[in-house]
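Here's the structure, in structure tokens; my notes come after.
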Amino acid sequence: MKNFKLFIFSTLTIVLGSCQPDPVNPLNQDYRNGVLVVNEGPFQTGTGTLSFAHFKRTASDSTYAFLDVFQTVNGRVMGNIAQSAVRVGGYVLVAVNLAGTVELLDAKTMQLEHTFTGLGLPRYFQALPNNRVALSDWQDNRIYVLDLTTKTVVDTAQVDAGPEGMAYLSNTPNGDVLLVACSGGYADNNTVVALNAQMNRIKTITVGDQPHSFAQDPSGTWWLLNQGKPDWITPANGTPGSLYRIDANALTASLYATSADGSLHPAHLLCDGSGLVFVSDRYAGSAVRMPLGSTVWPTAPFLTGASYSLAFDALKKEYYSGKIVDYSGPGRLVRYNVQGVALDSVSTGQIPGFILPESH
Amino acid sequence: MICTQRRPYLAVVFCFLLASGQLVSAPDTVRLGTADVHALPFHFRAPARGLDSTAQGWSASDWLHRGALLRTTTPGGSQLVGLSGLPAVYTGFHWLGFALTSPTLGLTDGSWIHPAFRNQTGVHTQLGGQYLGSGNLGGLVDLSAQWLGSEGSWAGLEAYSAGGGGATVRCRTNSGTLGFWASSAHYRYPYQDYLGTRRMRTGADAQNAQLEWRGERRWGAHTLRYGFQGILQDRGLPRSAASSYGLGDRQRDQRLHAGVRWEHQRQNWHWSRGAFGWMDFQAFDARVVALRDSHQTAGMRVEWSGTHPNGHVAWGWSQMAAWGPSHQSLGVWDGFVKGALQGTGRLRPGLAWARWDLRQTSARSPLGNASGGMRWKGSNGIEIQAARHFRWPTLNDLAWIPGGNPLLLPEAGWALEVHGFIPHSKTPKRPWGHWEWQSKAMHLTQSIVWKPIGIQWVPVNAGSWSQWWNRLRWTAHQREWMGWAEVQYTLSNAAFAVPWRGNAGGAYRKGAWTAGAEYTAQAASQQTPRWFTGRLWGGWQSKHWSVQLNVQNALPGTVEYLPYYPNPHWYTVINLNYKFK
């Protein structure tokens, strides 16, 4: 009986222990239990990386990070300029910009399942129904539809220059609609292209200069953040960033708020449930917060320090900010509570440009 | 803007004529700056030159042999040469005593060395280069260490196994030497991308055409040297092997250089005055997106110097302008005055003052430059030198669109060097050959770094670094055999620093036949991977004909000097030359 109790105790210890994250071995992880950070890597002469961070939330837990889980797990590099990522079904997809690829990974193990090649300059993802994902691409100003079941590109659509962030609007009077912010890419543009479920253009909406990203608030209203057009010679003469409200039924957009500073060009819009949060300038701006209902453009930093990337975990009510330290070494991922107070931080790969929280 | 710059140019011409009216002159000022002012007795030479004389074209192997840091070695491709363990922006290139360095990028491309004048090139890594002006902390490449040289006339053909070839003609006359070089390297070779897919490199081709004339007239105690260089380059830049396969960007360079120097000896004084003018055009055509950057610069420099066995004085002035779609139009001038004591004492102090002025703003930066050298004659040559270093901002730093910062100050710092050697002359029968070592401690402040500020990348004076660089070289020559080995060791907090680098080789010559092998290895830096490469060669030469076969990177795998930019794992270059009587 004593041996039996010992056996049960030992078994439980092993089983429960195996449920805990392993802070040492990157090959023995459940990568759904943490934050993924897409790091751009050095421009032109390097490769992007995928970092993983697990933050301590219980007494028996610990905080740890792995800087390059893609190469560690799969034995090869990810390619030049990793751009963004998305979790869909049991997969994580990573867009690698100059490599023209999308890496399809098992969300739990980070094992490489497939590489979509032959793309141009992939930028951002938007999950679609039926295990499909839309991908914006600057090369030929296209939207690609990736089918994760067949692991093929099943559709494309031509949009305006520089497609960036997307929003999927279901059950509108026009049916399911995919909105694509067309920033102009390396030039300038000011349109949002609406595509129907067949990926046909049904409308082109004029918005502010260089539209970048969408967010939806709890009332169902969609918001669009426009970066504004920079003036490289006299920065103050640039067109300022702006916030547009989208009417999903009429497929129209109306100006809601405008920045007073034409030298700053905001990016990375998200909604935390009671406010809109974005980075005041895409290169070295601070995260600012605009409460829903306010029309005053926010200027006071909400999160400390500059943010090169920004994310919000809606379940854990935490913000994440990606920090560039010196462009030639590791970056930093800082976790903040919902009041914007920094909690802790871990190292990431070089130039953390996109954050994928645990609950996304 | 351009019209308003005519007046300074006229002033420059006037100053030159005024100076020339004094009819005082001196030997080549490049050699004054290095060999005389600082009494640098020895330069790192290419010890295998005598055994490797059948190769007439300047190639990357020469740079590897001379201890330079390189990022590419493709025939005809861009060669950015770093000396003393520093990046290429700290290497100065001089021609007829004038800095050739492109004012836009602050760089000189090693591929600008004309193959017909390769043997007139000297490489100096001692601190003497500091005295010569901005951006010489790493060292100085003197393209006219000998203006005409002792070579006669010859013509050569070369062919590359990766596709393409070139032709060189050197024609020596009574009044000067004409050099012509044209090459086209297709540079197709297999490599493996990061996905493991085997591909054929395309779009990394290079077309080069260079014409250079060097003339010399002598009468009495006067010597007039003059020259002209025209360079046309059109080169494909390979895409990273971690990128999607496709054509890389393309770079086009068109340059004209012209210079004249009048030298005169009067009693114990050598007097020299010179003028140099240039025009350049550079364009980058991006392939991934339809972007094109281009800019032009033009400028003129004048210098006047006098050298005495006990001292040296000099002043100079530059005026330049830049314009084009990727630059704001601007004009910049800089000037210097310097003087040094030398000759009789063991302590040889020098002092220089330089000033730099960007016309568009009120930003001005007077800067002192001081150096001194000490030598003990009885200790087989040990020298200690200290020098203040400075580097002007480049025109890109000042006026690039977007982001150029006209308020930048020059980089500045100090360097201390200890240099020792046991020359061949002191050890004619010693089996251990010739030893030379060099140790250089460098510190630089207000380093110019491009950082994102607001919406754009902007160069700012930020950060500093310190580096201690050491070099030991051994050369032995026994009858038909020659061997050499070199190791460089660097302690540094700079991201570009390479911790160590080694080079070793041997050569054998029997009658008309020559064979040799040389290997170079470099440790990884924060920015570059470690690599190992080798070269094998064999040749034959008669009174008029010579032929040499080079096998570059004679290793089973590719070599990457930059991450994900693989060079071919091996390729051959064949030279066939005919020497006229």
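The values are calculated or read from the model by the stated rules, or taken from the named source; none is laboratory data. Bear in mind the structure is a predicted one, so any value in this text is a computation, not a measurement. Neighbour counts run over all protein chains shown; Cβ positions are idealised from the backbone, glycine included.
For segment A:266-285, a residue qualifies if it is charged (D, E, K, R) and either outside any loop (DSSP other than H, G, I, E, B) or modelled with pLDDT under 95 (or both), and the qualifying residues are A:Asp281, A:Arg282. If we scan segment A:105-115, do we find a residue that is part of a strand (DSSP E or B), modelled with pLDDT of 95 or more, surrounded by 22 or more Cβ atoms within 10 Å (Cβ to Cβ) and touching a Leu at 6+ places or on another chain (Cβ under 9 Å)? Scanning segment A:105-115 turns up at least one residue that is part of a strand (DSSP E or B), modelled with pLDDT of 95 or more, surrounded by 22 or more Cβ atoms within 10 Å (Cβ to Cβ) and touching a Leu at 6+ places or on another chain (Cβ under 9 Å). For first residues located in segment B:399-411 and more than 9 Å from every other protein chain (Cβ to nearest Cβ), partners that are outside any strand (DSSP E or B) and at pLDDT below 80 and lie 6+ apart or on another chain with Cβ distances below 6 Å form the pairs B:Ala399/B:Gln328; B:Pro406/B:Gln360; B:Pro406/B:Thr361; B:Leu407/B:Ala363; B:Leu409/B:Ser365; B:Pro410/B:Ser365. Of everything in segment B:241-271 that is farther than 21 Å from B:Leu105 by Cβ and among the charged types (D, E, K, R), the residue that is modelled with the lowest pLDDT is B:Arg266. Residues in segment B:496-516 that are modelled with pLDDT of 90 or more and surrounded by fewer than 20 Cβ atoms within 10 Å (Cβ to Cβ) were compared, and the one that is farthest from B:Leu562 (Cα to Cα) is B:Ala504. Taking each residue of segment B:557-577 that is at positive phi and looking for partners that are surrounded by fewer than 19 Cβ atoms within 10 Å (Cβ to Cβ) and part of a loop (DSSP other than H, G, I, E, B) with beta-carbon atoms closer than 8 Å, six or more apart or interchain, yields B:Tyr564/A:Thr45.
Residue by residue, here is whether (1) closer than 27 Å to B:Thr572 by Cβ; (2) at pLDDT 85 or above; (3) in contact with a strand residue (DSSP E or B) (Cβ under 7 Å, 6 or more places away or on another chain) holds:
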site: B:Arg118; (1), (2), (3): yes, no, no
site: B:Gly129; (1), (2), (3): no, no, yes
site: B:Thr168; (1), (2), (3): yes, yes, yes
site: B:Gly176; (1), (2), (3): no, yes, yes
site: B:Leu195; (1), (2), (3): no, yes, yes
site: B:Ala204; (1), (2), (3): yes, no, yes
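The residues on offer are B:Leu195, B:Leu211, and the sole one that is aliphatic (A, V, I, L, M) and within 14 Å of chain A (Cβ to nearest Cβ) is B:Leu195. In the condition set (1) under 15 Å from A:Phe55 (Cβ atoms); (2) crowded, with 19+ Cβ neighbours inside 10 Å, A:Leu310 is compliant with all but (1).
Screening segment A:253-265 for residues that are at pLDDT below 95 and in contact with a Gly (Cβ under 6 Å, 6 or more places away or on another chain) and picking the one that is farthest from the other protein chains (Cβ to nearest Cβ) gives A:Gly262. Residues of segment A:286-343 that are away from every other protein chain (no Cβ under 14 Å), part of a loop (DSSP other than H, G, I, E, B) and either under 30 Å from B:Thr528 (Cα atoms) or among the aliphatic types (A, V, I, L, M) (or both): A:Leu292, A:Val296, A:Ala300, A:Ala314, A:Leu315, A:Val338, A:Val341.
B:Glu151: of a type in the set (Asp, Glu), part of a loop (DSSP other than H, G, I, E, B) and more than 14 Å from chain A (Cβ to nearest Cβ), yes or no? Yes; evaluated as a whole, the condition is true for this residue.
The residues listed here are B:Gly230, B:Gly274; of these, the one that is buried (at least 21 other Cβ atoms within 10 Å of the Cβ), assigned to a strand (DSSP E or B) and of a type in the set (Gly, Ala, Ser) is B:Gly274. When B:Ala524 is tested against the conditions (1) away from chain A (no Cβ under 14 Å); (2) surrounded by fewer than 16 Cβ atoms within 10 Å (Cβ to Cβ); (3) of a type in the set (A, V, I, L, M, F, W, C); (4) not in a strand (DSSP E or B), the lone failure is (1). State all residues of segment B:296-313 that are modelled with pLDDT of 85 or more and either of a type outside the set (Asp, Glu) or under 23 Å from B:Trp400 (Cα atoms) (or both); if no residue qualifies, say none. Once the filter is applied, which keeps residues that are modelled with pLDDT of 85 or more and either of a type outside the set (Asp, Glu) or under 23 Å from B:Trp400 (Cα atoms) (or both), segment B:296-313 yields B:Gln296, B:Thr297, B:Ala298, B:Gly299, B:Met300, B:Arg301, B:Val302, B:Trp304, B:Ser305, B:Gly306. In this structure, does A:Thr109 turn out to be hydroxyl-bearing (Ser, Thr, Tyr) and away from every other protein chain (no Cβ under 14 Å)? Taking the combined requirement at face value, the residue satisfies it.
Taken as a whole, segment A:158-168 holds at least one residue that is within 14 Å of chain B (Cβ to nearest Cβ) and either on the phi > 0 side of the Ramachandran plot or in a loop (DSSP other than H, G, I, E, B) (or both).
Considering only residues in segment A:344-360 that are away from chain B (no Cβ under 14 Å) and among the aliphatic types (A, V, I, L, M), the one that is surrounded by the most Cβ atoms within 10 Å (Cβ to Cβ) turns out to be A:Ile355.
Taking the stated definitions as given, is B:Ala386 surrounded by 20 or more Cβ atoms within 10 Å (Cβ to Cβ), more than 30 Å from B:Gly248 (Cβ to Cβ) and modelled with pLDDT of 65 or more? It is false that B:Ala386 is surrounded by 20 or more Cβ atoms within 10 Å (Cβ to Cβ), more than 30 Å from B:Gly248 (Cβ to Cβ) and modelled with pLDDT of 65 or more.
Taken over segment A:112-140, the residue count meeting the criterion of being within 14 Å of another protein chain (Cβ to nearest Cβ) and aromatic (Phe, Trp, Tyr) is 2. Answer with yes or no whether B:Lys338 is out of contact with any Cys (no Cβ under 6 Å at 6 or more places or on another chain) and at pLDDT 60 or above. Judged against the criteria, B:Lys338 is a match.
The single residue among B:Gly350, B:Gly343 that is of a type outside the set (D, E, K, R), touching a His at 6+ places or on another chain (Cβ under 9 Å) and modelled with pLDDT under 65 turns out to be B:Gly343. Flag not set for A:Leu98, criterion: surrounded by 23 or more Cβ atoms within 10 Å (Cβ to Cβ), part of a strand (DSSP E or B) and among the aliphatic types (A, V, I, L, M).
Is segment B:191-205 home to any residue that is buried (at least 18 other Cβ atoms within 10 Å of the Cβ), of a type in the set (Phe, Trp, Tyr) and out of contact with any helix residue (DSSP H, G or I) (no Cβ under 8 Å at 6 or more places or on another chain)? Looking through segment B:191-205, at least one residue is buried (at least 18 other Cβ atoms within 10 Å of the Cβ), of a type in the set (Phe, Trp, Tyr) and out of contact with any helix residue (DSSP H, G or I) (no Cβ under 8 Å at 6 or more places or on another chain). The number of residues in segment B:478-495 being surrounded by fewer than 20 Cβ atoms within 10 Å (Cβ to Cβ), of a type outside the set (A, V, I, L, M) and either under 22 Å from the mean Cα position of the chain (by Cα) or over 30 Å from B:His443 (Cβ atoms) (or both) comes to 6. Select, from B:Gly248, B:Gly299, the only residue that is buried (at least 17 other Cβ atoms within 10 Å of the Cβ) and part of a strand (DSSP E or B). From the options B:Gly248, B:Gly299, the qualifying one is B:Gly299.
For segment B:537-566, which residues satisfy the criterion of being among the hydroxyl-bearing types (Ser, Thr, Tyr) and either within 14 Å of chain A (Cβ to nearest Cβ) or closer than 18 Å to B:Glu158 by Cβ (or both)? Spell out how you get there, then give the answer.
Taking segment B:537-566 and keeping what is among the hydroxyl-bearing types (Ser, Thr, Tyr), we get B:542, B:546, B:558, B:561, B:564-565.
Matches in segment B:537-566: B:Ser546, B:Tyr561, B:Tyr564, B:Tyr565.
When segment A:302-356 is examined, which residues are found to be under 19 Å from A:His265 (Cα atoms) and among the charged types (D, E, K, R)? Across segment A:302-356, the qualifying residue is only A:Lys323.
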